[in-house]
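Below you'll find the structure, written out as structure tokens, and then a few comments.
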Amino acid sequence: MPKKYTAQCACGAVKFAFDRDPTFVANCHCNDCKRASGGEMATFFAVPADDFDLLSGQPKAFHYVANSGNGLDRNFCPDCGSRVFTSNLDGFPGAVFVQLGSLDRPDLIAPKLEMFTARRLDWNRPLDLPQFDGMPN
Ligand SMILES: [Zn+2]
Ligand SMILES: [Zn+2]
């Protein structure tokens with residue numbers, strides 16, 4: 001049976017899917033997310049690794065150490081350069097962090113909190129969601 005959520009990079013070479021509704025969905029305003037996404041923030045959510053199926057493509061992983069000191073692998077499509085998911089994040093074993101914009105139906109998942117709000121730029125307004133200066137606790 002096809003999984004509930006499907007996602008892909010901009011050129012469609014990398015495709016993946018998962019079933020479970022994510023419980024951790026964050027708008028992250030940290031500088032790492034700014035740099036990696038090229039935007040003011042990134043919206044991402046955690047998917048259990050055992051629910052995450054890579055259906056096609058061979059994403060390339062770039063190992064990176066965030067400002068927090070945690071290492072992680074940013075996975076992107078080597079053909080079109082889209083950033084698609086993060087894996088091997090220190091402190092979060094067994095989780096894959098998916099970028100919301102990769103979803104075929106991004107309207108199905110909405111953020112539940114905002115984090116690293118200390119880095120939010122002045123022109124951006126808080127959403128009506130729990131706000132965390134840094135990492136949620
Ligand atoms: Zn691609
Ligand atoms: Zn971030």
Given (1) within 20 Å of residue 93 (Cα to Cα); (2) under 15 Å from the mean Cα position of the chain (by Cα), residue 65 misses just (2)
Output for Cβ contacts, cut-off 6 Å, separation at least six or different chains, first residue of a type in the set (D, E, K, R) in the range 9-25, second more than 16 Å from ligand 1 (Cβ to nearest atom) and at pLDDT 95 or above, reads 19/4; 19/51; 20/51
**Message:** When you check residue 18 against the structure, is it within 11 Å of residue 103 (Cα to Cα) and away from ligand 1 (no atom under 16 Å from the Cβ), yes or no?
**Reply:** yes
Residue pairs within 7 Å by beta carbon, gap of at least six or interchain, first lying in the range 110-125 and within 16 Å of ligand 1 (Cβ to nearest atom), second of a type in the set (Ser, Thr, Tyr), listed first then second, are none
Wholly inside the range 10-94, strands (runs of 3 or more DSSP E) that include 1 or more residues that are buried (at least 19 other Cβ atoms within 10 Å of the Cβ) and more than 13 Å from ligand 2 (Cβ to nearest atom) are 15-18, 42-48, 71-76, 83-87
Among residues of the range 103-132 being assigned to a loop (DSSP other than H, G, I, E, B) and within 13 Å of ligand 2 (Cβ to nearest atom), the residue surrounded by the fewest Cβ atoms within 10 Å (Cβ to Cβ) is 132
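The values are calculated or read from the model by the stated rules, or taken from the named source; none is laboratory data. Since we're looking at a predicted model, the values are computed, not measured. As a convention, Cβ positions derive from the backbone with ideal geometry for all residues, glycine included, and neighbour counts pool all protein chains shown.
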